[in-house]
Amino acid sequence: MICLDEFGPLNLMPRQGKRWRPTGSPARLRATCCNRYHGVMQMIAALDLATGRLYYRIRKRKRWREVLSFLKSLRTRWPGEKPYVIADNRSPHKHPEVRAWAAGNDVELVFLPTYGSWLNWIESEFAALRYYALNGTDHRSHDEQNAAIGAYVRRRNVRAQPKTNFAASSPVRRWTGYPTKVA
């Protein structure tokens, strides 16, 4: 089972957060209200519940083409298995070409109820990413920001734990054969 969602916009702006500052030296935030010279980036990410690992791509847009490309890259990670992809009801996830590709490549798309995106486990991972990688920063380029996100994801994936303690009595476990205990 894989939880899929988008995180963004990733724009270059100072973000408030906790950071060490010398006494008497207030944390100042530069003004960015007028210009966004470097544009905005979007992150498409997936959380593998069996391993707890996070996979992501950062792109300029988050249309169905980017979602489909990301799904194709995810599909290569589990050859011979049927991945169940949990996603919200955004239109790029439900695009006819995305659905057709999923049906033709043995990928099951599972959509959350409307206004139920908070049920997607990856949302809590995005909160942690925002807290540990973005809060208290002022990145000057997207490369610098992407490097901070990449460093956080690599550090997180080294310590990843399977996400098996959810919905122990759920019928989804019987339908998918998802393990109830990790050996």
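List of remarks:
- Hits in the stretch 130-140 (condition: of a type in the set (A, V, I, L, M, F, W, C) and in contact with a helix residue (DSSP H, G or I) (Cβ under 6 Å, 6 or more places away or on another chain)): ALA133
- Under the condition of being in contact (Cβ under 8 Å) with a residue 12 or more places away in the chain and either assigned to a helix (DSSP H, G or I) or open to solvent by 40 Å² or more (accessible area, probe 1.4 Å) (or both), the residues counted in the stretch 150-161 number 6.
- Every residue from the stretch 23-55 that is open to solvent by less than 60 Å² (accessible area, probe 1.4 Å), in a loop (DSSP other than H, G, I, E, B) and either farther than 24 Å from GLU81 by Cβ or modelled with pLDDT under 60 (or both): SER25, ALA27, THR32, GLY39
- Only one entry of ALA147, ALA133, ALA128 meets the criterion of being over 16 Å from MET41 (Cβ atoms), in a helix (DSSP H, G or I) and either among the small types (Gly, Ala, Ser) or within 16 Å of the chain's Cα centre (by Cα) (or both), and that entry is ALA128.
- When LYS72 is tested against (1) surrounded by 11 or more Cβ atoms within 10 Å (Cβ to Cβ); (2) assigned to a loop (DSSP other than H, G, I, E, B); (3) of a type outside the set (Ser, Thr, Tyr); (4) modelled with pLDDT of 85 or more, just one condition goes unmet, and that condition is (2).
- Residue match in the stretch 142-149 (condition: open to solvent by less than 50 Å² (accessible area, probe 1.4 Å), at pLDDT 85 or above and in contact with a His (Cβ under 6 Å, 6 or more places away or on another chain)): yes
- Residues in the stretch 114-125 include none that are farther than 26 Å from GLN161 by Cα, buried (at least 16 other Cβ atoms within 10 Å of the Cβ), in contact with a helix residue (DSSP H, G or I) (Cβ under 9 Å, 6 or more places away or on another chain) and not aliphatic (A, V, I, L, M).
The values are calculated or read from the model by the stated rules, or taken from the named source; none is laboratory data. Nothing here was measured: the structure is a model prediction, and the numbers come from that model. Glycine gets a Cβ as well: all are built from the backbone with ideal geometry, and neighbour counts include every protein chain shown. With ligands, DNA and RNA removed, areas are computed over all heavy atoms of the protein, side chains included. Shrake-Rupley method; radii C 1.70, N 1.55, O 1.52, S 1.80 Å.
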